[in-house]
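A.B. asks: Before I ask anything, here is the structure I am working with.
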Amino acid sequence: MKVRVPCSLAALLLLTGCVAVQPVQPAPDREDVTGVAIGSRPVADGGDLVMALSAEPDKLDPTTSSSLYTRYVMNAVCEKLYDIDADGNLVPQLAAALPTISPDGLTVTIPVRTGPVFADGTPFDAAAVVTTLQRNLTLEGSSRKSELGPVADVTAPDPATVVVRYKTPFSPLTAALADRAGMIMSPTALAAEGTNFGAHPVCVGPFKFVERVPQTSITVERDPLYYAADEVHLDTITYRIMTDANIRAANLRSGDVQVADSLSPQDVDALAQEKDVGLLQTGSFGYQAVTFNLGNTEGTGKPPGRIDTPLATDPRIREAFSLSVDRTALVNSVFNNWYEPACSFVPPDSTYSTEASEACPTYDPARAKQLLTEAGVELPYRFTMATSNTADSLRLAQALQASVVAGGFDLTIQPVEYSTLLDQQTSGDFEAVQLGWSGRVDPNGNSASFLSTGAGNNYSGYSSPEADDLVKAAARATDPAQRAELYGKLVTVVQRDNPIVYLYRQRSITGYTTQDPGVAGIETYADGVVRLSRAAFLAGGK
């Protein structure tokens, strides 16, 4: 289904006429609340926690997954070599310590824990790590290959040591191993399941996979083999799929679910006043954006093809679209000032943020129309944008649709169910798509896989030798200031070519029940993942 909203309807969506929006208000200070600690309060041993999940995860396979919601589930069942803490620092998880790097930057040595076992009883050791990393590097359709960089080989000289050798230095490795690339899978299960691993995932984790009911729920249960089983309190976690934000909020209020992710900014101010609801909120490493299909004709990871439309071939049209978007006004009107405008893949609080990475195209619809005229296309220029069919996504899409009219565009909206939209994005079955990325602590994780020619998440099919060189140079550099400068240059190239037009950064807003007995031990960080592995029901009241 495709939707074209007339100006009169757009006015009902907090827009006035076809372009103007509510007066922009200064964004309030939002204090991060990343967790609700157990502290000295007694907790129950056991219990079945239900989390309302805002979208259906894709395959529970760390090598191929691209969904944030898969990361929620996998965080409970599949530990990584490294993780981040609430402050964004990299910390060991299945690794025994941070890596050591040779003076030439080509050899990375990772000490790993001894003693853990996978949920199927297979011993965890360096050889198992090698098996996972080699799969990430070689499996067809891997989304992790580009995240790991130019690996020459991976070896395990002894059971407690992994050595990664590089063709050229690669600074972002530790950060990459703090996400899906570092989730270590049971070699026994990989041998048995092959590419079907995602249907029966087996890892080292506080919980183990039990069952999945498509479009309904995913259930995990406490793993007695987990090396820190005494720190795990719940018996089970059920991730119940609830795509409607209003339904998630209603279930949270009623106590039918104890945790709910991605609460809508439309609901959060009211929820904050509820006596039986607590809220976690934090900024994001990631972004929401519009991605244009420039050459994704055979699917991601394949060499780009050619798409003979003005939108795909003429960067002036994409620049005109970027100039037609009033990001600040959109955030103010659509998201009640809970989110922040964004114009690049580098978050403003990052070590690697610079003036260049924070530079935002000026809202200039007159210049946008001039660029379209120079490109020789008929006005208004028409194209179709696919987006998730959730209320907040449609609200944004309709606001965008109205906003870009002044710049000379006639945008048609195509609402699509989230998991189907991920498939369309991967296969290249779109003209433009509005989706986001939950973000990584190192900018390489927000850029290389999306902007490098033929990379696993290069949904645009973008290919630029200049961008490729900058991605590689930033990954090779070891000095943070030099890396920051290179990422700023990369942002400048991307804003020139506009394969991706960045729009805004979300705040991760997670609700939890405080109704007796209440829950604690829940955390959410700037990587967007809600962490439940140490969650518990409180004993003896709140």
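A.B. asks: Would you mind finding the one in Y487, Y512 that is assigned by TED's automatic domain parsing to the domain that holds N446 and aromatic (F, W, Y)?
C.D. replies: Working: Y512 fails: assigned by TED's automatic domain parsing to the domain that holds N446.
Unique residue meeting the criteria: Y487.
A.B. asks: Moving on to the next point. Out of the residues in the stretch 395-410 that are of a type outside the set (F, W, Y) and touching a Pro at 6+ places or on another chain (Cβ under 6 Å), state the one that is surrounded by the fewest Cβ atoms within 10 Å (Cβ to Cβ). Break it down into steps so the answer makes sense when it comes.
C.D. replies: Let us first name the residues in the stretch 395-410 that are of a type outside the set (F, W, Y), namely 395-408, 410.
Keeping just the survivors that are touching a Pro at 6+ places or on another chain (Cβ under 6 Å) gives 406-408, 410.
Working: A406: 19, G407: 27, G408: 23, D410: 13.
Of everything passing the filter in the stretch 395-410, D410 is surrounded by the fewest Cβ atoms within 10 Å (Cβ to Cβ).
A.B. asks: Scan the stretch 313-320 and tell me whether some residue there is touching a helix residue (DSSP H, G or I) at 6+ places or on another chain (Cβ under 6 Å), more than 14 Å from E431 (Cα to Cα), assigned by TED's automatic domain parsing to the domain that holds M385 and surrounded by 23 or more Cβ atoms within 10 Å (Cβ to Cβ).
C.D. replies: Yes, there is a match, as at least one residue in the stretch 313-320 is touching a helix residue (DSSP H, G or I) at 6+ places or on another chain (Cβ under 6 Å), more than 14 Å from E431 (Cα to Cα), assigned by TED's automatic domain parsing to the domain that holds M385 and surrounded by 23 or more Cβ atoms within 10 Å (Cβ to Cβ).
A.B. asks: Then there's this: Kindly indicate whether any position in the stretch 86-100 is modelled with pLDDT of 95 or more, part of a strand (DSSP E or B) and within 28 Å of T238 (Cβ to Cβ).
C.D. replies: no
A.B. asks: A further question on this structure: Quick test for you: out of V325, V331, pick the one residue that is at pLDDT 95 or above and more than 30 Å from T64 (Cβ to Cβ). Spell out the reasoning first.
C.D. replies: Values: V331 fails: at pLDDT 95 or above.
One residue alone meets the criteria, V325.
A.B. asks: Only one of these conditions is not met by A249: (1) surrounded by fewer than 22 Cβ atoms within 10 Å (Cβ to Cβ); (2) more than 22 Å from L139 (Cα to Cα). Which number is it?
C.D. replies: That leaves (1) as the condition not met.
A.B. asks: Tell me which residues, restricted to the stretch 110-143, are under 20 Å from L60 (Cβ atoms), among the charged types (D, E, K, R) and touching a strand residue (DSSP E or B) at 6+ places or on another chain (Cβ under 9 Å).
C.D. replies: Across the stretch 110-143, the qualifying residues are D120, R135.
A.B. asks: Any residue in the stretch 147-163 that is in contact (Cβ under 8 Å) with a residue 12 or more places away in the chain and not assigned by TED's automatic domain parsing to the domain that holds K472 sitting within a Cβ distance under 7 Å of a residue that is acidic (D, E) and not in a strand (DSSP E or B)? List the pairs, counting only those 6 or more apart or interchain.
C.D. replies: Pairs that qualify, where the first residue is in contact (Cβ under 8 Å) with a residue 12 or more places away in the chain and not assigned by TED's automatic domain parsing to the domain that holds K472 and the partner is acidic (D, E) and not in a strand (DSSP E or B), are P159/D125.
A.B. asks: Here is a check on your reading of the model: is G198 assigned to a helix (DSSP H, G or I) and under 22 Å from the mean Cα position of the chain (by Cα)? If you could, list the steps in order and put the result at the bottom.
C.D. replies: On the way: assigned to a helix (DSSP H, G or I): yes; under 22 Å from the mean Cα position of the chain (by Cα): yes.
Yes: the conditions hold for G198.
A.B. asks: Could you tell me which residue of the stretch 323-338 is nearest to I509 (Cα to Cα), considering only residues that are of a type in the set (A, V, I, L, M, F, W, C) and in a loop (DSSP other than H, G, I, E, B)? Break it down into steps so the answer makes sense when it comes.
C.D. replies: Step one: of the stretch 323-338, the residues of a type in the set (A, V, I, L, M, F, W, C) are 323, 325, 329-331, 334-335, 338.
Of the ones still in play, those that are also in a loop (DSSP other than H, G, I, E, B) are 325, 335, 338.
Numbers: V325: 25, F335: 12, W338: 10 Å.
It comes out as W338.
A.B. asks: Considering only the stretch 377-411, how many residues are over 28 Å from R248 (Cβ atoms) and among the polar types (S, T, N, Q)?
C.D. replies: Here the count works out to 1.
A.B. asks: For the stretch 339-378, which residues satisfy the criterion of being part of a helix (DSSP H, G or I) and touching a strand residue (DSSP E or B) at 6+ places or on another chain (Cβ under 7 Å)?
C.D. replies: Residues of the stretch 339-378 that are part of a helix (DSSP H, G or I), as a first pass: 355-358, 365-375.
Scanning the stretch 339-378 gives a single hit, L372.
A.B. asks: Tell me which strands (runs of 3 or more DSSP E) are completely within the stretch 202-263 and hold 2 or more residues being within 12 Å of A76 (Cβ to Cβ) and in contact with a Leu (Cβ under 6 Å, 6 or more places away or on another chain), or say none if there are none. Even if it seems obvious, please write down each step before you answer.
C.D. replies: Numbers: elements: 207-213, 217-222, 236-241.
Passing ranges, in order: 236-241.
A.B. asks: Let me ask something additional. Which of the residues belonging to the stretch 355-388 are under 30 Å from T243 (Cβ atoms) and touching a Ser or Thr at 6+ places or on another chain (Cβ under 8 Å)? Break it down into steps so the answer makes sense when it comes.
C.D. replies: Initial filter on the stretch 355-388 (under 30 Å from T243 (Cβ atoms)): 382-388.
Passing the criteria: R382, F383, T384, M385, T387.
A.B. asks: Has the stretch 131-148 got any residue that is of a type in the set (G, A, S) and farther than 27 Å from K302 by Cβ?
C.D. replies: Narrowing the stretch 131-148 to residues of a type in the set (G, A, S): 141-143, 146.
Now narrow it down to the ones that are farther than 27 Å from K302 by Cβ: none.
No, the conditions are met nowhere in the stretch 131-148.
A.B. asks: Moving on. So for the stretch 129-138 (the condition being closer than 25 Å to S66 by Cα, among the hydroxyl-bearing types (S, T, Y), in contact with a helix residue (DSSP H, G or I) (Cβ under 7 Å, 6 or more places away or on another chain) and assigned to a loop (DSSP other than H, G, I, E, B)), does at least one residue qualify? Give the steps one after another, and end with the answer.
C.D. replies: Start the filter on the stretch 129-138 by keeping residues that are closer than 25 Å to S66 by Cα, which leaves 129-138.
Still in the list and also among the hydroxyl-bearing types (S, T, Y): 131-132, 138.
With in contact with a helix residue (DSSP H, G or I) (Cβ under 7 Å, 6 or more places away or on another chain) added as a condition, the list becomes 131.
Keeping just the survivors that are assigned to a loop (DSSP other than H, G, I, E, B) gives none.
Within the stretch 129-138, none of the residues are closer than 25 Å to S66 by Cα, among the hydroxyl-bearing types (S, T, Y), in contact with a helix residue (DSSP H, G or I) (Cβ under 7 Å, 6 or more places away or on another chain) and assigned to a loop (DSSP other than H, G, I, E, B).
A.B. asks: Moving to a separate point now. Take T384 and tell me if it is out of contact with any Cys (no Cβ under 7 Å at 6 or more places or on another chain) and more than 20 Å from N293 (Cα to Cα). Spell out the reasoning first.
C.D. replies: Values: out of contact with any Cys (no Cβ under 7 Å at 6 or more places or on another chain): yes; more than 20 Å from N293 (Cα to Cα): no.
Taking the combined requirement at face value, the residue does not satisfy it.
A.B. asks: Among the residues of the stretch 115-128, write down those that are in a loop (DSSP other than H, G, I, E, B) and either farther than 15 Å from Q93 by Cβ or in contact with a Cys (Cβ under 8 Å, 6 or more places away or on another chain) (or both). Let's see the steps before the verdict.
C.D. replies: From the stretch 115-128, those in a loop (DSSP other than H, G, I, E, B) are 115-116, 118-122, 124-125; that's our starting set.
Across the stretch 115-128, the qualifying residues are F118, A119, D120, G121, T122, D125.
A.B. asks: So, in the stretch 224-246, how many residues would count as being free of Cβ contacts under 8 Å to residues at least 40 places away in the same chain and of a type in the set (A, V, I, L, M, F, W, C)?
C.D. replies: Number of matching residues: 2.
A.B. asks: If S533 meets every condition in (1) of a type outside the set (F, W, Y); (2) in contact with a helix residue (DSSP H, G or I) (Cβ under 6 Å, 6 or more places away or on another chain); (3) not in a loop (DSSP other than H, G, I, E, B) apart from one, which number is that one?
C.D. replies: So S533 meets the others, but not (3).
A.B. asks: Okay, next question. Quickly run through the stretch 465-491 and pick out the residues that are touching a residue at least 24 places away in the same chain (Cβ under 8 Å) and surrounded by fewer than 16 Cβ atoms within 10 Å (Cβ to Cβ).
C.D. replies: Looking only at the stretch 465-491, we keep the residues that are touching a residue at least 24 places away in the same chain (Cβ under 8 Å), and these are 466-467, 471-472, 474-478, 480, 483-485, 487-491.
Once the filter is applied, which keeps residues that are touching a residue at least 24 places away in the same chain (Cβ under 8 Å) and surrounded by fewer than 16 Cβ atoms within 10 Å (Cβ to Cβ), the stretch 465-491 yields E466, T478, P480.
A.B. asks: Let me ask you something else. Could you look through the stretch 48-82, keep only residues that are touching a residue at least 24 places away in the same chain (Cβ under 8 Å) and among the polar types (S, T, N, Q), and pick out the one that is surrounded by the fewest Cβ atoms within 10 Å (Cβ to Cβ)?
C.D. replies: S67
A.B. asks: When the stretch 354-374 is examined, which residues are found to be buried (at least 18 other Cβ atoms within 10 Å of the Cβ) and among the polar types (S, T, N, Q)?
C.D. replies: Scanning the stretch 354-374 gives T354, S357.
A.B. asks: E221 passes all but one of (1) in contact (Cβ under 8 Å) with a residue 24 or more places away in the chain; (2) touching a Phe, Trp or Tyr at 6+ places or on another chain (Cβ under 7 Å); which number fails?
C.D. replies: Tallying (1) in contact (Cβ under 8 Å) with a residue 24 or more places away in the chain; (2) touching a Phe, Trp or Tyr at 6+ places or on another chain (Cβ under 7 Å), E221 fails exactly one: (1).
Per-residue answers, yes or no, for (1) in contact with a helix residue (DSSP H, G or I) (Cβ under 8 Å, 6 or more places away or on another chain); (2) buried (at least 21 other Cβ atoms within 10 Å of the Cβ):
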{"residue": "S186", "(1), (2)": "yes, yes"}
{"residue": "A192", "(1), (2)": "no, no"}
{"residue": "H200", "(1), (2)": "yes, no"}
{"residue": "H233", "(1), (2)": "no, yes"}
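The values are calculated or read from the model by the stated rules, or taken from the named source; none is laboratory data. Everything quoted here is computed from the prediction, not taken from an experiment. As a convention, Cβ positions derive from the backbone with ideal geometry for all residues, glycine included, and neighbour counts pool all protein chains shown.
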